[in-house]
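Working notes, beginning with the structure itself.
Just so you know, all these numbers are worked out from the coordinates, no wet-lab data involved. Remember, predicted model here, so these are calculated numbers, not experimental data. So basically every Cβ, Gly included, is an ideal-geometry build from the backbone, and we count neighbours across all protein chains shown.
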Amino acid sequence: MLPLMTYIALFITVLITGYYAALFVRDPELAMVKATHRIELLPQVMTGRYIVVFLFTLGALLMNDLRVSAYLFAVCAFIGFYDGWLYARRGLPHFKHTITGLLAFGALCVTLLALATAGPTS
């Protein structure tokens, strides 16, 4: 019963975060209002986001599961490339973001190679 409840909680979380992701893509100003974010607090919000990415990465390290690592590296590559693209298209410095995406993508490739060449895991 508890595994099912966990799955349901994950499903609900996907729906909520997916809703906000779609809303931010479609209408960032409306999304800021709906999510009750405040522009003046975004630096502090980003602090929380970096702490979360650190904790996810620490969790992946402690779990030591190639599938989890591959997923994390894919997400980190997206974050780096997306941020780099946002800054680059506005003519702003983007190297740190873009290189982060490239490094995470490289780590993803190595991890996928490790998964492809690893023997059975169970």
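Longest segment of the chain with no trypsin sites (Lys or Arg not before Pro) in a DSSP loop having at most 11 other Cβ atoms within 10 Å?
Numbers: sites that count: Arg38, Arg89, Arg90.
In short, 39-88.
Computed from these coordinates, which is log10 I(q)/I(0) by the Debye sum over Cα atoms at q = 0.12 Å⁻¹: (i) -0.57; (ii) -0.41; (iii) -0.62?
Looking at log10 I(q)/I(0) by the Debye sum over Cα atoms at q = 0.12 Å⁻¹ for this model, the match is (iii).
At a 10 Å Cβ-Cβ cut-off, how would you order Ile79, Ile16, fewest neighbours first?
Values: Ile79 16, Ile16 10.
Least to most surrounded, the residues fall as Ile16, Ile79.
Distance in nm between label sites at Phe24 and Tyr82, each 7 Å beyond Cα in the beta-carbon direction?
0.6
Based on Cβ point charges of +1 for Lys and Arg and -1 for Asp and Glu, what charge dipole magnitude is obtained for the range 40-116 about its Cα centre, in debye rounded to the nearest 20? Intermediate values should be presented prior to the final figure.
Details: 5 positive and 3 negative charges, 34 e Å.
Once rounded to the nearest 20, the dipole reads 160 debye.
Which of Leu10, Leu86, His97 sits closest to the plus end of the dipole of the chain, meaning its Cα is farthest towards the positive end, when Lys and Arg get +1 and Asp and Glu get -1 on the C-beta?
Projecting each Cα onto the dipole axis, the largest value belongs to Leu86.
Just to confirm my numbers, what's the Cα centroid distance between the range 87-114 and the range 1-56 in Å?
22
Could you work out the local net charge near Ala114, counting Lys and Arg as +1, Asp and Glu as -1, over the other residues with Cβ closer than 12 Å to its Cβ?
On the way: positive: Arg67; negative: Asp65.
Its environment carries a net charge of 0.
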